[in-house]
Amino acid sequence: MSNYKPSEIETRWQKYWLEKKTFKTPENHDKPKYYILDMFPYPSGSGLHVGHPEGYTATDILARYKRMKGYNVLHPIGWDAFGLPAEQYAVKTGTHPRITTEKNIIRFREQLQMLGFSYDWDREVNTTDPDYYKWTQWIFLKLFEKGLAYEDEAPVNWCPELGTVLANEEVIDGKSEVGGYPVVRRPMRQWVLKITAYADRLLEDLDDLEWPESTKEMQRNWIGKSIGAEIDFQVHEHDEKICVFTTRPDTIFGATYMVLAPEHHLVDVITTPDQKKDVEDYKEKAEQKSDLERQEITKEKSGVFTGAYAINPANGKEIPIWIADYVLAHYGTGAIMAVPGQDERDWEFAESFDLPIIRTVQPPEDFEGKAYTLDGPAINSDFLNGLYITDAKLRIIEWLEKNGVGKKSVNYKLRDWLFSRQRYWGEPFPIIHVDGKPKAVPEEELPVILPEVDHFQPTKTGEPPLARATEWVETTDPETGKKALRETNTMPQWAGSCWYYLRYISPDYDGGPVDKGEENYWMPVDLYVGGSEHSVLHLLYARFWHKVLYDCGVVSTKEPFQKLVHQGMILGEVEYTAYEKDGKMISAEEAAGLDDVTRVRLSDSDVEKKGDRFVMKGTQITVDSKAHKMSKSRGNVINPDDVVVRYGADSLRLYEMFMGPLEQVKPWSTKGVEGVNRFLNRAWRLFFGDGDEDVLNISDTEADAGQLKVLHEAIKKVTEDIENMRFNTGISALMIFVNEANQWEALPRSVAEPFVILLSPFAPHIAEEMWNRLGHKETLAYEEWPAYNEEYLKSDTVEYPVQVNGKVRANIEVPAERAKDKDFVLGLAKQQKNIEKYLDGSTIVKEIFVPGRIVNLVVKPG
RNA sequence: GCCUGGGUGGCGGAAUUGGUAGACGCGCCGGACUCAAAAUCCGGUGUUAGCGAUAACGUGCGGGUUCGAGUCCCGCCCCAGGUACCA
């Protein structure tokens, strides 16, 4: 065999790595460690898509690189295997989710191994494995002990027709995704985790993380900390007080009315008899609107007067109390003091209902808007007049506290985490109910095994599927011997993924979720790579659990993931779409607003660029050119298996890294895969020629200066690019090496071997094969990474572009030893024919000389 | 609306952070090999003008700073993702 045959060499090396356990994590702690983690996949029925290998290749390159740099590397993978699709499939077909899940895991594992990732397969974790979820339950008990898990009534999406609770994503326009049946909000007993208790720490500790700024910002917004004050407003002729939260207590003199959320508990108490009907009607309407609907209507504000008045504590004035759905029941206190002068929403409402508006901050003279929300001196505000916002706030809070009508207060957008699901395929809660009260299952009894049930739907009464396992549900309290009922809710999919990175560290440890000694060595995760769709929820929940475990002494770091990178989505191939209406082709702009147009898919040979648009060849008819998300319905899904069969795993890996920066969204191009495949073929021929016989085109001659320069340039570039995760330019450096080396008479071994090492993280199979054919008997996975020598990078001459008035007019070559000699270089520059031309009849007013970079002569006519 | 990215050849993308814009790959054009094709190899390829040396223009748009701007500053436009009555 002499031609490059990926299918042969790839299977051979994959087998070698598995059998020899090449990538087994070292057990000693004698070297620096590097923990590199992928977001583990949900093993879906459709297998791997091309998005998975993108992030996984990036981490694999780093893992292989770090091993060769002398690190102990922990690079594991596992399965986030609880989840809805397997359960839905079970409901439909009766197949136990365990069966489906096992089958899918086998497929995923094969696919990942087929791509040559250097995972330690002895550390696989599976969230559905009782040995794993034992510790998920254990962590839940910690939360429960600390009072961070509590029961509450919370509304769920209940679909009476399907007899089941639906996740938000299963509800479309108030109807079930499956079948289109109506969905209603119905309160149910739920488990809730008190993540809000950690809000401040989750916010503050973001600062020290090497995460994308956008992700940190999203988490900050999600937590939504705002500092302000709570103020009590006495209801006129009632004993009740209404407490409001405001970030602008300084505007209190401009509070001309109050608004309660329709759900506010005081609404019924304070509403006057003659307003009762209006208020009831409004409440009913608001109730019927879904959350989405209430959010959509941003323009027209609606509301009703309750008939009651409150006393503004700052000036003793009576102000009307309204209810309106622009005030949200679950934020702040569910009630606001409305200050239309300084708040756009309040201004709109005041205008609609003819309520008074008082400005309490002086807007600038040229201000033409309505509400003025920026800084300025206070007006119409008694003792605050003249103070700017910051000072006015301090002053009024002091006053409120002194008079006992308010205090400084902090509020968060973050809400407690609804932690239970009415599902089968999830972790059972380690909770029993004795005399109607929840009680922890003793630690020794963990895991609470997911029971078998006859069907996977909820019961007729709407209880979760686990309620069907009556023998399991009806138990006794081991402590008192009393009758007890097991919790029948299950945990959400997030639970297993909240701590899996810890289990990899000591997957078989049975003294706790993680072995303390190992944890000390391996944590934190040095690099975590995964999709940006997990920017908020998964990453926030995992951070929350980690902090709880930190408080319990289970982990030693405050944060789990030191550095985070999101890979960008891979789109389908670029598509050109033309539009046809009534048998005539029309331009894309024209077609935009019309519905009865036919889309025509064009190939790239049918279109050409005209200006900044594409048109149909030879016409003025513009077409759309766009890469779309891959989707089954569009038929543009690229299957990694097919790519591997045609071009090999090394080509797939290389292409996905070569497409562009890792973080960026980028369109797929099969031609591009062919390009990198050609590169691997060229590299192969460089070593082994293209004849039929087995030859090795390697010489044992010494490398000359030119060859060393080419090699060390590659070493430098590839090393720096891997360190900075700029894989696309690193690969380009490898290509440059091969292009250069192809022109050499002979390839010295001393140059060939370091090149193979450089190539190996990207294309490990071909590199192992080359290494082997170079006569090495062992894997190259632990060879030393080559270092570059600055000496070899120097060249004999330095090239200077010569500019006149900032425009390049000539290039000169200067011997390296005189390159920093300003007079010499300038002298030479001025002698150039094309430069003389520009100097002639002009005077040089300035000479710029940047050593090793550029010469610029600034001239003036005359 | 707000937040975060981003706009560079026919396409994906480079550019040492203020110093020759377009590395590398794709595509395209020409040539070699072949009866032919594929594969492979060699050469060319930002646009315009010119046989050419060369020149003008060129990094979303309009200004500015600088000897010099894709890179810095001011004002816009467009695209992608996220978020949304959060008081």
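The values are calculated or read from the model by the stated rules, or taken from the named source; none is laboratory data. Because the structure is predicted, anything quoted here is derived from the model rather than measured. Positions of Cβ are generated from backbone atoms using ideal geometry, with glycine treated the same way; all protein chains shown enter the neighbour counts.
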field: Index of the failed condition, A:Tyr16 passing every other in (1) assigned to a helix (DSSP H, G or I); (2) of a type in the set (Ser, Thr, Tyr); (3) buried (at least 22 other Cβ atoms within 10 Å of the Cβ)
entry: (3)
- prompt: Is it the case that the range A:335-343 has a residue that's surrounded by fewer than 22 Cβ atoms within 10 Å (Cβ to Cβ) and among the small types (Gly, Ala, Ser)?
  reply: no
task: Given the conditions (1) surrounded by fewer than 18 Cβ atoms within 10 Å (Cβ to Cβ); (2) part of a strand (DSSP E or B), report the number of the one that A:Gly511 does not fulfil.
output: (2)
- prompt: Checking A:Val244 against (1) away from RNA strand B (no atom under 12 Å from the Cβ); (2) part of a strand (DSSP E or B), which test does it fail?
  reply: (1)
task: Run A:Met585 past the list (1) assigned to a strand (DSSP E or B); (2) near RNA strand B (Cβ under 10 Å from one of its atoms) and report the number of the one that doesn't hold.
output: (2)
task: Could you tell me which of the residues A:Trp222, A:Trp158, A:Trp121 is over 30 Å from A:Glu19 (Cα atoms) and under 29 Å from the mean Cα position of the chain (by Cα)?
output: A:Trp222
- line: Checking A:Gly672, A:Gly635 in turn, the sole residue that is free of Cβ contacts under 8 Å to residues at least 24 places away in the same chain and loosely packed, with under 13 Cβ neighbours inside 10 Å turns out to be A:Gly635
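Conditions (1) among the aliphatic types (A, V, I, L, M); (2) in a helix (DSSP H, G or I); (3) within 30 Å of A:Asn520 (Cα to Cα), marked per residue:
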| position | (1), (2), (3) |
| --- | --- |
| A:Thr57 | no, yes, yes |
| A:Gln88 | no, yes, no |
| A:Arg107 | no, yes, no |
| A:Phe117 | no, no, yes |
| A:Lys142 | no, yes, yes |
One residue from A:Ala286, A:Ala229 being among the hydrophobic types (A, V, I, L, M, F, W, C) and either touching a strand residue (DSSP E or B) at 6+ places or on another chain (Cβ under 7 Å) or outside any helix (DSSP H, G or I) (or both): A:Ala229
query: Residues A:Leu602, A:Leu654: which one is in contact (Cβ under 8 Å) with a residue 24 or more places away in the chain, out of contact with any Ser or Thr (no Cβ under 8 Å at 6 or more places or on another chain) and surrounded by 12 or more Cβ atoms within 10 Å (Cβ to Cβ)?
result: A:Leu654
- prompt: Mind checking which residues of the range A:381-431 are farther than 25 Å from A:Glu463 by Cα and basic (Lys, Arg)?
  reply: A:Lys393, A:Arg395, A:Lys402, A:Lys407, A:Lys408, A:Lys413, A:Arg415
query: So which of A:Asp694, A:Asp642, A:Asp690 ends up being in a loop (DSSP other than H, G, I, E, B) and more than 8 Å from RNA strand B (Cβ to nearest atom)?
result: A:Asp694
field: the range A:179-226, residues that are of a type in the set (Ser, Thr, Tyr), within 13 Å of RNA strand B (Cβ to nearest atom), in a helix (DSSP H, G or I) and at pLDDT 90 or above
entry: A:Thr196, A:Thr215
task: Having 3 or more residues that are more than 16 Å from RNA strand B (Cβ to nearest atom) and within 30 Å of A:Val676 (Cα to Cα) is the bar; report the helices (runs of 4 or more DSSP H) wholly within the range A:756-862 that clear it.
output: A:764-773
message: So if I check each of A:Arg613, A:Arg601, which one is basic (Lys, Arg) and closer than 20 Å to A:Lys666 by Cα?
response: A:Arg613
- prompt: Just checking, how many residues over the range A:24-40 are part of a loop (DSSP other than H, G, I, E, B) and more than 20 Å from A:Val665 (Cα to Cα)?
  reply: 10
query: In this structure, is A:Met616 surrounded by 18 or more Cβ atoms within 10 Å (Cβ to Cβ) and either away from RNA strand B (no atom under 13 Å from the Cβ) or closer than 30 Å to A:Glu589 by Cα (or both)?
result: yes
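Rundown of residues vs (1) modelled with pLDDT of 95 or more; (2) in contact with a helix residue (DSSP H, G or I) (Cβ under 6 Å, 6 or more places away or on another chain); (3) among the aliphatic types (A, V, I, L, M), yes/no style:
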| site | (1), (2), (3) |
| --- | --- |
| A:Asn489 | no, no, no |
| A:Tyr504 | yes, yes, no |
| A:Tyr509 | yes, no, no |
| A:Tyr579 | no, yes, no |
| A:Gly593 | no, no, no |
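Each row is one residue, and each column tells you yes or no for (1) within 12 Å of RNA strand B (Cβ to nearest atom); (2) part of a helix (DSSP H, G or I); (3) farther than 23 Å from A:Glu769 by Cβ.
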{"position": "A:Gly675", "(1), (2), (3)": "yes, yes, no"}
{"position": "A:Leu686", "(1), (2), (3)": "yes, yes, no"}
{"position": "A:Gly706", "(1), (2), (3)": "no, yes, yes"}
{"position": "A:Leu711", "(1), (2), (3)": "no, yes, no"}
{"position": "A:Val718", "(1), (2), (3)": "no, yes, no"}
{"position": "A:Ile722", "(1), (2), (3)": "no, yes, no"}
- prompt: If we scan the range A:349-360, do we find a residue that is part of a helix (DSSP H, G or I), within 12 Å of RNA strand B (Cβ to nearest atom) and touching a residue at least 60 places away in the same chain (Cβ under 8 Å)?
  reply: yes
message: It is to be established whether one or more residues within the range A:517-525 are part of a loop (DSSP other than H, G, I, E, B) and more than 24 Å from A:Gln190 (Cα to Cα).
response: yes
- prompt: Taking the range A:594-606 only, how many residues are near RNA strand B (Cβ under 9 Å from one of its atoms) and within 36 Å of the chain's Cα centre (by Cα)?
  reply: 1
- request: Could you tell me whether A:Lys437 is free of Cβ contacts under 8 Å to residues at least 12 places away in the same chain and either among the basic types (Lys, Arg) or within 19 Å of A:Tyr150 (Cβ to Cβ) (or both)?
  value: yes
- line: Reported set for the range A:199-219 where residues are under 18 Å from the mean Cα position of the chain (by Cα) and free of Cβ contacts under 8 Å to residues at least 40 places away in the same chain is A:Leu203, A:Leu206, A:Asp207, A:Glu213, A:Lys216, A:Glu217
- line: Flagged in the range A:460-492 as of a type in the set (Val, Ile, Thr), surrounded by fewer than 16 Cβ atoms within 10 Å (Cβ to Cβ) and part of a loop (DSSP other than H, G, I, E, B), in numbering order, are A:Thr461, A:Thr480
query: Mind checking whether some residue in the range A:532-549 is within 16 Å of RNA strand B (Cβ to nearest atom), of a type in the set (A, V, I, L, M), outside any loop (DSSP other than H, G, I, E, B) and crowded, with 16+ Cβ neighbours inside 10 Å?
result: yes
- prompt: Pairs, please: C-beta under 7 Å, at least 6 apart or cross-chain, first residue more than 13 Å from A:Gly806 (Cα to Cα) and in the range A:834-862, second part of a loop (DSSP other than H, G, I, E, B) and of a type in the set (Val, Ile, Thr)?
  reply: none
- prompt: Are any of the residues in the range A:726-745 more than 9 Å from RNA strand B (Cβ to nearest atom), buried (at least 17 other Cβ atoms within 10 Å of the Cβ) and within 34 Å of the chain's Cα centre (by Cα)?
  reply: yes
